[in-house]
Amino acid sequence: QVQLVESGGGLVQPGESLRLSCAASGSIFSRYVMNWYRQAPGKQRELVAVITGGGIKNYADSVKGRFTISRDNAKATVSLQMNSLKPEDTAVYYCNARAPGKEYWGQGTLVTVSE
């Protein structure tokens, strides 16, 4: 069992930055692929960024060059640094942990990008 708690959401203006964090507890963190998803109002949940236990990263095309995912296996945390935010980045952001046969979600944190 893994518990995930996100933090760091909020209201920012276009062009500003925000850093999301996700703290994990309850299992061996390094075994999990960690993901950030987001869901905008009226849209399906989409994968934003992925990082494996060994640090291999991948990003959605819409955030490449602006967002950076990182993890600290010793502290069991994963972060998402979001720069040059756009109004279309407005969504609830979810932390996700995945291993063979297992998947866990955080409760989500709201990011609003608006003038």
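What whole-number value in Å² describes the accessible area per residue of the chain for a 1.4 Å probe?
Roughly 52 Å² per residue, with all protein chains present.
How big is the range 58-115 on each of its three principal axes, counting only the C-alpha atoms and giving the largest first in Å?
Result for the range 58-115: principal-axis Cα extents of 40, 22, 22 Å.
In nm, what is the difference between 0.36 nm times the number of residues separating Leu11 and Ser25 and their Cα-Cα distance?
2.3 nm
More than 18 Å apart: what percent of Cα pairs in the chain qualify?
Beyond 18 Å sits 45 percent of the P(r) for the chain.
The values are calculated or read from the model by the stated rules, or taken from the named source; none is laboratory data. If you're wondering where the values come from, they're calculated on a predicted model, not measured in any experiment. SASA here: full protein model, heavy atoms, side chains in, ligands and nucleic acids out. Shrake-Rupley method; radii C 1.70, N 1.55, O 1.52, S 1.80 Å.
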